[in-house]
Amino acid sequence: MLQIIYETVVKHLKKPIAILILTLILLISESCGEVVKTTFGNHMVYVFISEDNIKEREYLLSKEIRTEVIKYTYKYEVDNNKNLEFTYFPKSNTLNFGPDEFKETKGAEFKIVMISDVKFKKFHSTSTATDVTEPIFFNEHYGVLAIGNVMAPTIVLLPYKSDLKTAEKIFKETLK
């Protein structure tokens, strides 16, 4: 396949430009990586507008594991504008949500045995904005547990049909 592309490109372009284009094609295809595994799971999402105003929504999580990244997509069937998408880069231990990048807060780990055997890490935004979304509680195996927000609702993502008491405990963790 690469031989055919190379011969086609070389016929129409000068050799240095052809090599540059082929290198670029290879880099782009490698950075995307092949999907190694995709998993799905239902989640109950608790949206805390305040401690007394809580909405429940059902989301479908799809988790795509690639060679360099893991993509978590939480889909809300009722309104696609409320879908959530996160990209985790294991090598750099960074998490992307929307336009923001998040880094782990060292020493801020905790475990919720009924949800995951792996500890959740607290991630903070690298942005200097005052209305930033943070913290995000996350582990690579489970995905996102909670998204705190100063200016908007806090979201807690639990396994399907979880109880509100667990969600409230996690909500209080985001306020610390």
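Against the conditions (1) open to solvent by 70 Å² or more (accessible area, probe 1.4 Å); (2) among the acidic types (Asp, Glu); (3) farther than 17 Å from Glu173 by Cβ, Asp100 satisfies every one except (1).
When Phe110 is tested against the conditions (1) aromatic (Phe, Trp, Tyr); (2) exposed (fewer than 14 other Cβ atoms within 10 Å of the Cβ); (3) under 19 Å from Pro153 (Cα atoms), the lone failure is (3). Restricting attention to segment 141-166, and to residues there that are within 13 Å of Ile49 (Cα to Cα) and small (Gly, Ala, Ser), which single residue is modelled with the highest pLDDT? Of everything passing the filter in segment 141-166, Gly148 is modelled with the highest pLDDT.
Checking each residue in segment 149-167 for being part of a helix (DSSP H, G or I) and in contact (Cβ under 8 Å) with a residue 12 or more places away in the chain picks out Leu164, Thr166, Ala167.
Residue-wise test of (1) touching a residue at least 12 places away in the same chain (Cβ under 8 Å); (2) within 18 Å of Glu173 (Cβ to Cβ).
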site	(1), (2)
Val78	yes, no
Thr87	yes, no
Lys106	no, yes
Val113	no, yes
Ser116	yes, yes
Lys121	yes, yes
Pro135	yes, yes
Ala146	yes, yes
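From Leu157, Leu145, grab the single residue that is in contact with a His (Cβ under 6 Å, 6 or more places away or on another chain) and within 27 Å of Ile65 (Cα to Cα). Checking each option against the conditions leaves just Leu157.
The values are calculated or read from the model by the stated rules, or taken from the named source; none is laboratory data. Everything numeric in this text was worked out from a predicted model, so none of it was measured. Heads up, the Cβs are rebuilt from the backbone with ideal geometry, glycines too, and the neighbour counts pull from every protein chain shown. Quick note on the areas: whole protein, heavy atoms, side chains included, nothing else; ligands and nucleic acids left out. Shrake-Rupley method; radii C 1.70, N 1.55, O 1.52, S 1.80 Å.
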